[in-house]
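The values are calculated or read from the model by the stated rules, or taken from the named source; none is laboratory data. Quick caveat, the model's predicted, so the values are computed rather than measured. No Cβ is skipped: glycine too gets one built from the backbone with ideal geometry, and neighbour counts run over all protein chains shown. Side chains are part of the model used for accessible areas, which takes the heavy atoms of the whole protein and leaves out ligands, DNA and RNA. Shrake-Rupley method; radii C 1.70, N 1.55, O 1.52, S 1.80 Å.
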Amino acid sequence: MEEQQIDDFKRKRLLKRIIYGPINSRRFGRSLGINIMPEVEKLCTFDCVYCECGFSNPKPRPEDIALHDSQSIISVLEYRLKELKENNIAVDSITFSGNGEPTLHPEFGKIIDETIRLRDEYYPDTNITVLSNSTTITKPDVVAALKHIDMPVLKLDSAITSTMRTIDLPHSPKFNSNDLIKQLGSFGGNVIIQTILIKGRYKGVEFDNTTEKEIEAYLNAMEKIKPKMVMLYALDRKAPVESLKKVPAETLRSVASRIRKLNIEVTTAE
């Protein structure tokens, strides 16, 4: 029954287009979304228990799914940017998100380069944002592309591997928080860390990344990574796992206050 509910949830939540919005984002203002992932299937290296796209099952690979090529994506983006500009509609962020992990696209670097070109032409003051789960930052071409944009927003949901793996359900059995923290540190501070604070249960396993042990480990990780910003947020929409619990706003504010003592900027979305 749980698997059927998750599958039904996934079918209802997948984006059916490349460009969407602008929408009012809690973190990015007027955000024009770009979905460079498939429109009929989630393509990701995580199956986060809170993901609005649901789980990917069976777990697809980029080479097994037809993706829009870079030229098609950029053509649609340019048409939309031109339309918005002509109608004097504000865009605060051009945001790569959607049905999975955008850095899995084999032409990700080229898409970023062309997006920068179009941004400079139509909306030179607008940020380019990529929401990534951090699993591909071992690839030099992905890192190079992320370093060229304004807001590389990379996920770290727990500095403790067992908790991270319970919440994020990475497909790779080798993926762990210790290696990830080192890789995030290699950005030299030019990175934004996104973290959801959450509690719940999945398949009989309890998780809570707001305990004192978790927060101490997280603060230690922030000292190593030294990000230019941390984005903390709480669950704000339906998720495929119904047992998830939204943490109180006071918890976000308390954790944010402790991070700020490390001289790191923090935003919260309650």
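Restricting attention to segment 189-233, the residues being part of a strand (DSSP E or B), of a type outside the set (Val, Ile, Thr) and surrounded by fewer than 19 Cβ atoms within 10 Å (Cβ to Cβ) number 7. Of the helices (runs of 4 or more DSSP H) lying entirely inside segment 92-173, those carrying at least 1 residues that are touching a residue at least 40 places away in the same chain (Cβ under 8 Å) and under 25 Å from GLU216 (Cα atoms) are 161-168.
Rundown of residues vs (1) over 18 Å from the mean Cα position of the chain (by Cα); (2) modelled with pLDDT under 90; (3) surrounded by fewer than 16 Cβ atoms within 10 Å (Cβ to Cβ), yes/no style:
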residue: PRO38; (1), (2), (3): no, yes, no
residue: CYS48; (1), (2), (3): no, no, no
residue: ILE65; (1), (2), (3): yes, yes, yes
residue: HIS68; (1), (2), (3): yes, yes, no
residue: ILE74; (1), (2), (3): yes, no, no
residue: ARG80; (1), (2), (3): yes, no, no
residue: THR95; (1), (2), (3): no, no, no
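How about segment 240-266: which of its residues are within 14 Å of LEU197 (Cβ to Cβ) and outside any helix (DSSP H, G or I)? Across segment 240-266, the qualifying residues are LEU244, LYS245, LYS246, VAL247, PRO248, VAL266.
Residues in segment 245-261: is at least one closer than 16 Å to ASN133 by Cβ and at pLDDT below 95? Don't jump to the end; show me each part of the working.
As a first pass, look at segment 245-261 and keep what is closer than 16 Å to ASN133 by Cβ: none.
For segment 245-261, residues closer than 16 Å to ASN133 by Cβ and at pLDDT below 95: absent.
Scan segment 143-159 for residues that are surrounded by 20 or more Cβ atoms within 10 Å (Cβ to Cβ) and either among the aliphatic types (A, V, I, L, M) or under 25 Å from GLY200 (Cβ atoms) (or both) and the total you get is 10.
Do we have THR268 as touching a Leu at 6+ places or on another chain (Cβ under 7 Å) and farther than 16 Å from GLY200 by Cα here? Spelling it out, THR268 is indeed touching a Leu at 6+ places or on another chain (Cβ under 7 Å) and farther than 16 Å from GLY200 by Cα. Quickly run through segment 239-260 and pick out the residues that are open to solvent by 60 Å² or more (accessible area, probe 1.4 Å) and over 21 Å from PHE28 (Cβ atoms). Within segment 239-260, GLU242, LYS245, PRO248, GLU250, SER254, ARG258 meet the criteria. The one condition from (1) among the basic types (Lys, Arg); (2) more than 25 Å from ALA249 (Cα to Cα); (3) in contact with a Leu (Cβ under 9 Å, 6 or more places away or on another chain) that LYS174 does not meet is (3). Taking segment 188-206 as the range and being hydrophobic (A, V, I, L, M, F, W, C) and modelled with pLDDT under 95 as the test, only VAL205 passes.
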